[in-house]
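A.B. asks: Before I ask anything, here is the structure I am working with.
Nothing in this text is a laboratory measurement; each read-out follows from the coordinates by a stated rule. Given the structure is predicted, the values throughout are model-derived calculations rather than measurements. Neighbour counts run over all protein chains shown; Cβ positions are idealised from the backbone, glycine included.
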Amino acid sequence: MTRTAAAIRFDDVTLGYGRRPAVHHLAGTIEAGSLTAVVGPNGAGKSTLLKGIVGTLRPLEGAIELTAGARQRIAYLPQAADLDRTFPLNVYDLVAMGLWSRAGLFGGIGRRDRIRIEEAVAAVGLTGFERRSISTLSGGQMQRALFARLLLQDASLILLDEPFTAIDAKTTADLLDLVRRWHDEARTVVAVLHDLDVVKRVFPETLLIARSPVAWGDTGEVLSAANLLKARRMIEANDPHAEVCDRGAA
Amino acid sequence: MNGLFEPFTEFEFMQRALVGVIAIALGSGPIGVFLMLRRMSLTGDAMAHAILPGAAVGYLVAGLSLTAMTIGGLVAGVIVAVLAGLVARFTDLKEDASLAAFYLLSLALGVTIVSLRGSNVDLLHVLFGTVLALDDGALLLLATISSITLATLALVYRPLVLECVDPTFLRSVSRAGTPVHLIFLGLVVLNLVGGFHALGTLLAVGMMMLPAASARFWSGDITLMTLVATVIGMGSGFVGLLLSFHFELPAGPAIILTTGAVYLASILIGPQGGLLWLVRPGRHLEA
């Protein structure tokens, strides 16, 4: 994997549902090859922000710009993936989905691809589980399989939405090793997280958000007690009778 | 043995009926499996209702014409499927609700048109089919529909499976989700329109859903599941036609009742979660 130019620019973007913003007037840049945590209270707009980056949610205002080619090379792991676990599919086939960008509709899966799939399965510690139905996997095993799929996607921009929720410490540590590996390979990683200890230990940069951005930059500085308190108060100050926002009106 | 094969060697109408049912099973089996796996089993039923007024309008315009009724059914079904699909994709309304709304509208519109013409339309054959009176045109139509279905499924198989199992992932890597969904709904309509010529609009859904639901108890692999569903459909067609011949039962219902019997047997003895295996699960494995 060569060093890539993937980066995200938020151009005063507002994302939301209906007319109600979930992310309000965010401006800034995520540099290529950076490792950024997005933190904030529940309802702060963290998952919405990732949906906006992936392009499954259109901005209400402003824009999110990705560098050329990056949009084709995004790997996205949504929160509690809305994956049908009852579907008759085994681990091998689930992981193989990561080859979509290469194989597409009709592309064959050759010997090299099969080796890559086996390597990805081994990298997440699921060797021997290849033929197991996904319906029989535990939460942690499922998350490992989804990380194997991410590995195969070979993306320059990797978006993770609460990837370690309800996962045991060993699995979290193993998957964090993969996140570090992606960072070492100069991939851009953006992860929504709640565990601030993990954020402080692994992520050099942090965006603290509470619908509106609270702080963004060096993790140590962003996660100050004052900023965290401010974020909490901003979320609690939700106004059910909000006026029309005129900040973006020119 | 004579009783098994003689009806088909002696009577051309039985041969035609068997070929027609085999063609329907080839298309409807895989479609039913995907409908079931996408938790859209009742969508087939709703679509059958949506097709009915279109076929009725075709009948009013051109009489008992295969072409007119097929086109009428297709147009009504596709309009309802596309509108329901688009509303579900781009608004907060779920697909089941939008489909229910549109098929009810379609049904009401069809009944209104029929009433305005003041004609007492004989729709019995639309409702219950004419599997024992399939002419060359009908057989050609059924064969064409099953061929189109299998070829299209082969083309969209990957994104269709992805759309079923992990639609968010598909949306993040491709824009194929919406077109594939609409193509799939189109295939549902096509197969129902084909099925109503033989089995009637209401029973055609039976050849889609009963073999699929049965197959779920026999295999945990999607490819095998579609094969099992198709074989169950074909086998039920064969047995149902025989029962109809020997016991003078109406052919369409006899076929669907046979499929229903296979379904009940599958619930009891199917190795993938059948009741028998729940009662006698066998010794557990090593950890």
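A.B. asks: Using just the alpha carbons, could you tell me how many Å³ per residue the convex hull of chain A encloses? Provide the component values of the computation, followed by the final result.
C.D. replies: Numbers: hull volume 35.9 nm³, N = 250.
Convex hull of Cα atoms, per residue: 144 Å³.
A.B. asks: Give me the percent relative contact order of chain A, please, defined on Cα pairs under 8 angstrom at least 6 residues apart. Let's see the in-between values first.
C.D. replies: Numbers: 445 pairs, mean separation 68.5, N = 250.
Relative contact order comes out at 27 percent.
A.B. asks: Tell me the angle of helix A:139-153 to the major Cα principal axis of chain A, expressed in degrees between 0 and 90 and rounded to the nearest ten.
C.D. replies: Around 90 degrees separate the two axes.
A.B. asks: For A:LYS170, project a label point 7 Å along Cα to C-beta. Then give me every residue of segment A:85-129 with its amide nitrogen under 19 Å of that point.
C.D. replies: Backbone N within reach: A:121-129.
A.B. asks: Output the direction-averaged projected area (hull surface divided by four) of the convex hull of the alpha-carbon atoms of the protein assembly as shown, in nm². Intermediate results must be reported in sequence, preceding the final value.
C.D. replies: Values: hull surface 126.5 nm².
The Cα convex hull of the protein assembly as shown, projected and averaged over all directions, gives 31.6 nm².
A.B. asks: Relative contact order for segment A:142-198: what percent, with Cα pairs under 8 Å and sequence separation of 6 or more? Before the final figure, lay out the partial values.
C.D. replies: Details: 39 pairs, mean separation 26.7, N = 57.
The normalised contact order for segment A:142-198 reaches 47 percent.
A.B. asks: Shielding by partners for B:168-181, please: the mean number of other protein chain Cβ atoms within 10 Å of each residue's Cβ.
C.D. replies: Shielding by partners across B:168-181 averages 5.
A.B. asks: From the phi angles alone, apply the Karplus equation (6.51, -1.76, 1.60; θ = phi - 60°) to segment B:217-223 and give each ³J(HN,Hα) in whole Hz, x where the residue is Gly or Pro.
C.D. replies: Along segment B:217-223, the couplings run 8, 10, 8, x, 10, 5, 5 Hz.
A.B. asks: May I ask you to list the trypsin sites (Lys or Arg not before Pro) in segment B:30-91 that are in a DSSP loop and have at most 15 other Cβ atoms within 10 Å of their Cβ? Don't jump to the answer; show the numbers that get you there.
C.D. replies: On the way: sites: B:ARG38, B:ARG39, B:ARG89; in loops: B:ARG38, B:ARG39.
Of the trypsin sites (Lys or Arg not before Pro), the ones in loops of segment B:30-91 whose Cβ has at most 15 other Cβ atoms within 10 Å are B:ARG39.
A.B. asks: Next up: Counting only other chains, what is the mean number of Cβ atoms within 10 angstrom of the Cβ of each residue in peptide B:152-161? All intermediate terms of the calculation are to be shown ahead of the outcome.
C.D. replies: Numbers: counts 0, 0, 1, 2, 1, 2, 7, 3, 0, 5.
The shielding value for this peptide is 2.
A.B. asks: For segment A:21-109, which trypsin sites (Lys or Arg not before Pro) pass both filters: DSSP loop (anything but H, G, I, E, B) and at most 16 other C-beta atoms within 10 Å? Don't skip to the end; give the middle numbers.
C.D. replies: On the way: sites: A:LYS46, A:LYS51, A:ARG71, A:ARG73, A:ARG85, A:ARG102; in loops: A:ARG85.
Passing sites in segment A:21-109 are A:ARG85.
A.B. asks: With the alpha-carbon atoms as the only input, what is the per residue convex hull volume for segment A:141-208 in Å³?
C.D. replies: Details: hull volume 5.8 nm³, N = 68.
So the per-residue Cα hull volume is 85 Å³.
A.B. asks: Further, regarding this structure: How high is the FRET efficiency between B:ARG175 and B:LEU105 when r is their beta carbon distance and R₀ equals 25 Å, given to the nearest 0.05? It would help to have the intermediate numbers written out before the result.
C.D. replies: Values: r = 29 Å, r/R0 = 1.18.
E between B:ARG175 and B:LEU105, to the nearest 0.05, is 0.25.
A.B. asks: Could you work out the relative contact order of chain B, using alpha carbon pairs under 8 angstrom and six or more residues apart, expressed as a whole percent?
C.D. replies: Working: 441 pairs, mean separation 75.8, N = 287.
Computed over chain B, the figure is 26 percent.
A.B. asks: May I ask for the Kirkwood hydrodynamic radius of segment B:178-287, worked out over all distinct Cα pairs and given in angstroms to one decimal? Each step should come with its number before you reach the end.
C.D. replies: On the way: mean 1/r = 0.0653 Å⁻¹.
Taking every pair of different Cα atoms in segment B:178-287, averaging 1/r and inverting gives 15.3 Å.
A.B. asks: Next question, about the same structure. Summing +1 for each Lys or Arg and -1 for each Asp or Glu, what net charge is found among the other residues whose Cβ lies under 14 Å from the Cβ of B:ALA213? Walk me through the numbers before you get to the answer.
C.D. replies: Details: positive: B:ARG38, B:ARG39, B:ARG216; negative: B:ASP45.
Neighbour charge sum, excluding B:ALA213 itself: +2.
A.B. asks: Please compute the length gained on full extension between A:HIS194 and A:ASP11, using 0.36 nm multiplied by the number of residues separating them and subtracting their Cα-Cα distance.
C.D. replies: Working: separation 183, 0.36 × 183 = 65.88 nm, distance 2.56 nm.
Extra length available between A:HIS194 and A:ASP11 comes to 63.3 nm.
A.B. asks: Can you give me the Rg/Rh ratio for chain B, using Cα atoms for both radii and the Kirkwood formula for Rh? Before the final figure, lay out the partial values.
C.D. replies: Details: Rg = 19.6 Å, Rh = 19.6 Å.
Answer for chain B: 1.00.
A.B. asks: OK, next. Rounded to whole Hz and in sequence order, give me ³J(HN,Hα) for segment B:141-158 from the Karplus expression 6.51 cos²θ - 1.76 cosθ + 1.60, θ = phi - 60°, writing x for Gly and Pro.
C.D. replies: My calculation for segment B:141-158 gives 4, 4, 5, 5, 4, 5, 5, 4, 4, 5, 5, 5, 4, 4, 5, 9, 4, 4 Hz in order.
A.B. asks: I need the phi-derived Karplus couplings for segment B:34-44: 6.51 cos²θ - 1.76 cosθ + 1.60, θ = phi - 60°, integer Hz, Gly and Pro marked x.
C.D. replies: After applying 6.51 cos²θ - 1.76 cosθ + 1.60, I find 5, 4, 5, 5, 8, 6, 10, 4, 7, 4, x Hz.
A.B. asks: Then there is this: Which of B:VAL161, B:PRO250, B:VAL21 sits closest to the plus end of the dipole of chain B, meaning its Cα is farthest towards the positive end, when Lys and Arg get +1 and Asp and Glu get -1 on the C-beta?
C.D. replies: Most positive-ward Cα: B:VAL161.
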